[in-house]
Amino acid sequence: MLQQVEEMNTDVAEQYRITQEPFYRVTGAEEALYQAAYARRMPVMLKGPTGCGKSRFVEYMAWKLQRPLITVACNEDMTASDLVGRFLLDKDGTKWQDGPLTTAARIGAICYLDEVVEARQDTTVVIHPLTDHRRALPLDKKGELIEAHPDFQLVISYNPGYQSLMKDLKQSTKQRFGALDFDYPEADMEAEIVARETGVDADVAQKLVQVAHRTRNLKGHGLDEGISTRLLVYAGQMIAEGVDPQAACLMTMVTPLTDDPDMRQTLQAAVETFFVN
């Protein structure tokens, strides 16, 4: 019976395994620090602005460590049952369905809770027993206590720029994690990433990055966030498809960022500074 369970867990793990290396440009000591944390199965928190590479980093490390990765996009409607699991009705009555957190704990995956601050605090509290010496997950509705697989690790991410009194992690949650700070790469490195991800030449990539730096200086002065590396990649992909650079930037870097007419005009002027028709 135990062998059957192990074989079943192995089959499930293969569904979540990353088989191709994701492109991630290491910018500092984050890779070595994460590897050391994983060696101790330390829970890790990734903090940084939107679109700066946090999720890609987790994918890269899961591939490098050859561990399955289960990702959960957190939201304010997510309940503890969405993470842990619930009983479902079928033609034979009721059966238990594991949630993503429970599945990860069983099979020894890395469980990545993306933008965890979006979830309600009464939901995130279910991770506490998995993030201390217990490394266990009680399934109260099922009457089962899961001992986490030796390879299991929990990783969370959030954007400190969106913190508020109503949306922040409790200290009792924060202090269960080691943390890595992320930010947008230096200009030359960011241009290298954009060129590598999109196929545009170095000159176009540099111009896109320069536009992004103009907008990042406006954070807190009309913009909640500047243009992210992700949006630069979108713009580069459109340009690589033959779209006019100004039109590509308007679609991917200006329109998504703000609805304010004056701010849009400011952003469009920044684009026109570097991409002249």
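Throughout, read-outs are computed from the coordinates displayed, never taken from laboratory work. The model shown is predicted, which means the values in this text are computed figures rather than measured ones. Counting neighbours? That spans all protein chains shown, and the Cβs are built from the backbone with ideal geometry, glycine included.
In this simple spin-label model, placing a label point 7 Å from the Cα along the Cα-to-Cβ direction at both Arg86 and Asp122 gives a separation of 1.5 nm. If the segment from Arg216 to Asp260 were pulled out straight at 0.36 nm per residue, it would be longer than the present Cα-Cα gap by 14.2 nm. Length available on full extension from Asp203 to Glu147: 0.36 nm per residue minus the Cα-Cα distance, which gives 14.9 nm. Identify which of Ala29, Ala80, Ala240 has the largest mean-square fluctuation in a Gaussian network model of the chain, with springs joining Cα atoms closer than 10 Å. Of Ala29, Ala80, Ala240, the most mobile in the Gaussian network model is Ala29.
Total lysine pairs in segment 2-181 at Cα distances under 17 Å, for residues eight or more apart or on different chains: 6.
Here the 3J(HN,Hα) profile of segment 16-21, calculated from phi with Karplus coefficients 6.51, -1.76 and 1.60 at θ = phi - 60°, is 9, 7, 8, 9, 10, 5 Hz, Gly and Pro shown as x. Residues in segment 227-237 carry Karplus couplings, in order, of 5, 8, 4, 4, 5, 4, 5, 4, 4, x, 5 Hz; the curve used is 6.51 cos²θ - 1.76 cosθ + 1.60 with θ = phi - 60°, and Gly or Pro positions show x.
Close amide-amide hydrogen proximity is noted between Gly85 and Gly99, each under 5 Å apart and 5 or more residues distant or on a separate chain (H modeled in the peptide plane; Pro and chain starts excluded). The slack in the chain from Val276 to Arg134, taken as 0.36 nm per residue of separation less the alpha-carbon distance, amounts to 45.1 nm.
In this structure the amide hydrogen of Leu139, modeled in the peptide plane, comes within under 5 Å of the amide hydrogens of Glu144, Leu145, Ile146, none closer than 5 places in sequence on its chain.
Grab the beta carbon distance between Arg230 and Lys95, set R0 = 45 Å, and tell me the FRET efficiency rounded to 0.05. Using R0 = 45 Å, I get an efficiency of 0.70.
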